[in-house]
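Each reported figure results from applying straightforward, stated rules to the coordinates on display, with no laboratory input. All values derive from a computational prediction rather than experimental measurement. Neighbour counts are summed over all protein chains in view; Cβ atoms, including those assigned to glycine, are modelled from backbone coordinates with ideal geometry.
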Amino acid sequence: CDEDDYDDYDFLVSRSTKNRLHYLFQKLTQAISSPEAPIMLFLDDLQWADKESLDLLTSLVIDVDPLSIEEDADQRCVCFVLAYRNSEDCENPDLVYCVSALEGSDAARTTHIQLEGMDIEGTNAMLANALKLPIRLTRPLSEVVHQKTLGNPLFVKVFLTMLCEENCLSYSLNERRWMWSIDDIRQKSMDKGLAQVLSEKLLRMHCDVQEALTFVSCFGKRVQRDVLSMASRDAEELSQLMACLETAVEENILEEDNGYYSFPHDLIQQAAYERVPKEVAFSYHFNIGLR
C-alpha cells in the first residue's frame, strides 16, 4: 500500500466514527423527546463554534434515520434555538454553511429572527431610567448617544461609562442631577469598536484584577463561586481572587448573582480571554483541569 491508500483509509475511519457519533446523538434526542414531552435546546454564541460541532448540529436537525421503518419512528420533538452574532468580526464560514443548510432543508421548519438595536425612544427610556431624569430632559442626550451606538444596549452602557470616566457626564451636587455637555459628547467616538474599548478598559485595571478576569474567562461566560474555590490552590489564593473579582464587579466588568460570576456580554469575556498569549491561556486550562 502506498501513502495515498493510508490517507484514504484514515479518512474513511474518521468519517465512519463521525457518522456513528451523529447517529448516537440522533437516537438520544429521539429517546428523550416525545409529542407529550418535547424538549428545547438553546445554543448561544454559535459564531465561535467549530466545524465539528456545527456538523453535529446540522445532522441532529435535518438528517433522517435511514433504518426507521415506521413513518414516525424518527420523530424527534426538539426545538433548537440558535443565537449568534453576524457582525463582520465574527464571520464564521462554517456557521454560514450550517444556517444555509438548515434553512434549505425540508426536514425542519426554521424561523429567522433578526434582533435590531433600540429605537430612539427606547434609548431615551434607558437613559432616563439610568440618570433618574424625565425623558424630556434626556432626549437631546439620547439623540447623540443613539447616533453613536445605533441603539445597541451594551454599546449604550459602555459609552455612558466612558463619558463618566472622561468627565463628560457627571453628577452635580448643586443641581442634584446628572449634567453633561452635548458639544463634548458629540466629539466622542465609538469608531474603535466595542471590543477595543473593552480591552482598553481592562488594561487600565490593576494587573492582579486583569489576571483574575483572564482566569475566570477560561470557564466561559459564567462560573460558580464554588468552582473557583475548587480551582484555587489554597485559601490565600482564593481570597486574593475573590478580592479582585469584587473590584471587577464594582467596575461593571463582572456581575455577581446567587453565587455565580458572569460577564455581562461575551465580548467582555472575549476581551479578557484574549488579553494573554494562547500558551498562557492553555496553561490556565491545564491547571484548572488538574484541580
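Given the alternatives [x] 16.4; [y] 15.4; [z] 22.8, mean projected area of the Cα convex hull in nm² as computed for this entry is given by [z].
Considering only 229, 206, 164, the residue lying farthest towards the positive end of the dipole of the range 162-250 is 164, judged by Cα position with unit charges set on Cβ.
Between residue 236 and residue 165, what's the calculated FRET efficiency when r is the beta-carbon distance and R0 is 22 Å? Round to 0.05. Can you show the working numbers first?
Numbers: r = 32 Å, r/R0 = 1.46.
E between residue 236 and residue 165, to the nearest 0.05, is 0.10.
Identify the GluC sites (Glu not before Pro) of the range 108-153 meeting these criteria: DSSP loop state and at most 11 other C-beta atoms within 10 Å of the C-beta. Don't skip to the answer; put the middle values down first.
Details: sites: 116, 121, 143; in loops: 116.
Answer in residue order: 116.
Applying 0.36 nm per residue to the separation of residue 229 and residue 176 and subtracting their alpha-carbon distance, the gain on full extension is 14.8 nm.
So how much slack lies between residue 103 and residue 17, counting 0.36 nm per residue of separation and subtracting their Cα-Cα distance, in nm? Don't jump to the answer; show the numbers that get you there.
On the way: separation 86, 0.36 × 86 = 30.96 nm, distance 2.65 nm.
Here the segment from residue 103 to residue 17 would lengthen by 28.3 nm.
In the structure shown, the pairs 188/221; 148/201; 148/221; 201/221; 18/278; 27/221 are assessed against 21 Å; a Cα-Cα span above that value is assigned to 188/221; 148/221; 18/278; 27/221. Applying 1/(1 + (r/R0)^6) with R0 = 30 Å to the Cβ-Cβ distance of residue 188 and residue 51 gives a FRET efficiency near 0.15. One decimal place: the segment residue 25-residue 285 gains 90.9 nm when fully extended, by the rule 0.36 nm per residue minus the C-alpha distance.
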